[in-house]
1. Determine the alpha carbon to alpha carbon distance for each of 123/178; 123/173; 173/245; 96/214 and list only those over 32 Å.
2. Restricting attention to the stretch 38-96, which trypsin sites (Lys or Arg not before Pro) occupy a DSSP loop and are surrounded by at most 11 other Cβ atoms within 10 Å?
3. Provide the gained length on full extension for the span residue 132 to residue 95, in nm with one decimal, where the gain is 0.36 nm per separating residue minus the Cα-Cα distance.
4. How high is the FRET efficiency from residue 58 to residue 192, r the C-beta distance, R0 30 Å, rounded to 0.05?
5. Would you calculate the separation in nanometres between label points at residue 199 and residue 70, each defined as 7 Å from the Cα along the Cα-to-beta-carbon direction?
6. Ignoring everything but the protein chains, give the 1.4 Å probe accessible area of residue 41 in square angstrom, nearest 10.
7. Can you send over the solvent-accessible area of residue 133, 1.4 Å probe, protein chains only, in Å² to the nearest 10?
8. Give the accessible area for residue 57 in Å² (nearest 10); use a 1.4 Å probe, count only protein heavy atoms, and leave out ligands, DNA and RNA.
Amino acid sequence: MTSHDRPTTDAHAHPDPSAGPSPAPSGQGAEDAPDGRQLTEAALFEAFGGVRGMVETVVPGLLFVTIFTINKDLHASAIAALAVSLVLAAVRLVRKDTVKHAFSGVLGVAFGVVFAMMTGNAKDFYLPGMLYTLGLAVAYLGTTLAGVPLIGLMLGPVFKENLSWRTRNPGRKKAYAKSSWAWGLILLAKCAILFPLYWWADTTQLGWVLIALKIPPFLLAVYLTWIFLAKAPPPIDVFAEMEAKEKAEEEAAERRRGERAAAAPVTGEPYGDIAAPAVPERPQGPRHRR
């Protein structure tokens, strides 16, 4: 195990504990390692969609509540929200961008439209998203209590460490646990505000409060995650380890083949291709009886 593979628990032992994954040899100096804060920021943007992902999350709901506030038309509001979410997904497809965030938005809006159309209550447009938020909060807290924080499961592949943080990098596991606690508690606080409004407020009040609570809690959770991970030990690049192991195995096999080829003449037959001389048989005379 190289020095990058060993779990790091002492933050003072590394001047820059956020140095991030390093594919370079273990003898590489810290000044040559990539900046961990930038890597963490890039990973969070990739995992949560960045600014564009936030826009795609907010726009359909904003359009719904705006139209409903103006004309109180459930059908027009629902169709407009679904249409704009489909347009956003189509733009990503045309540009060949990652579509997971856009499609998740389409599914969320579609469920909201179905609920609202079935019940005839415009507030039910927001109910699937609220239930999803509550379920996500429970998942963050439950997986953290189980020792496999959800943030680690989400970001492990992004950092190319997979689940190595569970057993080989305790400092990073602790950071993932703190991040998951932050996400779970922030989402629970959001639900504590929205669900009473669902029962007591009208559709427009609930809609505008929900829009107002879309971005700030999300940014707070992302910021706390960034802080925790930036101070954590660098991730272990398991993909680089696997590639190095495969390369070492190939080199070892090549050496064994070379050794066998070099030893082949020595271990040949003693006479080579020259046949051994035949031993003449002794003629047997007639046997006499006494």
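1. The pairs that break the limit, which is 32 Å between Cα atoms, are 123/178; 123/173.
2. Values: sites: 52, 72, 92, 95, 96; in loops: 72, 96.
Sparse-neighbourhood loop trypsin sites (Lys or Arg not before Pro): 96.
3. Working: separation 37, 0.36 × 37 = 13.32 nm, distance 2.87 nm.
Roughly 10.5 nm would be gained on extension.
4. Working: r = 21 Å, r/R0 = 0.70.
Once rounded, the FRET efficiency stands at 0.90.
5. 3.4
6. 90
7. Near enough 20 Å² of accessible area.
8. 70
The values are calculated or read from the model by the stated rules, or taken from the named source; none is laboratory data. None of the values given here were measured: they were computed from a predicted structure. A quick note on method: Cβ atoms are made from the backbone with ideal geometry, for glycine too, and the neighbour counts reach across all protein chains shown. SASA here: full protein model, heavy atoms, side chains in, ligands and nucleic acids out. Shrake-Rupley method; radii C 1.70, N 1.55, O 1.52, S 1.80 Å.
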